[in-house]
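Take a look at the structure below.
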């Protein structure tokens, strides 16, 4: 197996652009299809398809209680977990197909996935704050979701370790 060169100026492999585009598409989908529609809550009929295939319609509902629980507990995490595994598997398979050691490209993909997690949760916090502020004169405080981010980052590290074991032949631990 050959190793991919890393550009000394950017610290990126030649696969970086492809992986970044894939991760960005997935983040945009989650934001535009799963998070941003909540901004229309109460003003138009909206339906969100949850990971389990069930739909949640929230026309006329207030953003409190069960609705907040659905937003924070049922909405994004399962999609993120699927995306994490899919991206790492896609990078690993691409490397395997082309006779490339997958270790460095997988590390790069994991880094991009960590960025995606921050971006998605930051958008959720923005939407949550706007929904909590609706009808009030002062802004609601921003929700602290670092614990959720840390949990998903742990998932990335675990999936990275598994992907390296499957695709790089080295099985190096995640950073």
Answer residue from the stretch 11-39, given it is exposed (fewer than 12 other Cβ atoms within 10 Å of the Cβ) and modelled with pLDDT of 85 or more and is nearest to residue 104 (Cα to Cα) among those: 17
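Would you check if there is a residue in the stretch 40-57 being surrounded by fewer than 18 Cβ atoms within 10 Å (Cβ to Cβ), part of a helix (DSSP H, G or I), within 21 Å of the chain's Cα centre (by Cα) and at pLDDT below 95?
no
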Kindly evaluate residue 143 against the criterion of being more than 14 Å from the chain's Cα centre (by Cα) and either loosely packed, with under 15 Cβ neighbours inside 10 Å or assigned to a loop (DSSP other than H, G, I, E, B) (or both). yes
Kindly evaluate residue 148 against the criterion of being under 21 Å from residue 50 (Cβ atoms) and in contact with a helix residue (DSSP H, G or I) (Cβ under 9 Å, 6 or more places away or on another chain). yes
Failed condition for residue 98, given (1) surrounded by 16 or more Cβ atoms within 10 Å (Cβ to Cβ); (2) under 18 Å from residue 165 (Cα atoms): (1)
Between a residue in the stretch 84-95 that is farther than 11 Å from residue 109 by Cα and any residue that is crowded, with 23+ Cβ neighbours inside 10 Å, which pairs come within a Cβ distance under 7 Å, given they are 6 or more apart or on different chains? 95/102; 95/105; 95/167
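To keep it simple, each residue is scored yes or no on (1) modelled with pLDDT of 95 or more; (2) in contact with a strand residue (DSSP E or B) (Cβ under 6 Å, 6 or more places away or on another chain); (3) part of a helix (DSSP H, G or I).
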| residue | (1), (2), (3) |
| --- | --- |
| 73 | no, no, yes |
| 81 | yes, no, yes |
| 85 | yes, no, yes |
| 96 | no, no, yes |
| 110 | yes, no, yes |
| 118 | yes, no, yes |
| 123 | yes, no, yes |
| 137 | no, no, no |
Go through the stretch 58-72 and report how many residues are closer than 12 Å to residue 34 by Cα and either touching a helix residue (DSSP H, G or I) at 6+ places or on another chain (Cβ under 7 Å) or loosely packed, with under 10 Cβ neighbours inside 10 Å (or both). 1
Residues in the stretch 101-119 that are surrounded by fewer than 22 Cβ atoms within 10 Å (Cβ to Cβ) and closer than 22 Å to residue 144 by Cβ: how many? 4
Exactly one condition in (1) in contact with a strand residue (DSSP E or B) (Cβ under 7 Å, 6 or more places away or on another chain); (2) under 14 Å from residue 19 (Cβ atoms); (3) free of Cβ contacts under 8 Å to residues at least 24 places away in the same chain is false for residue 57; which is it? (2)
Those residues that are closer than 18 Å to residue 76 by Cβ and either touching a residue at least 40 places away in the same chain (Cβ under 8 Å) or surrounded by fewer than 14 Cβ atoms within 10 Å (Cβ to Cβ) (or both), I need them from the stretch 126-140; list them, please. 127, 128, 130, 131, 132
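The values are calculated or read from the model by the stated rules, or taken from the named source; none is laboratory data. Computed from a predicted model, the values in this text were never measured in an experiment. Every residue, glycine among them, receives a Cβ derived from its backbone with ideal geometry; neighbour counts consider all protein chains shown.
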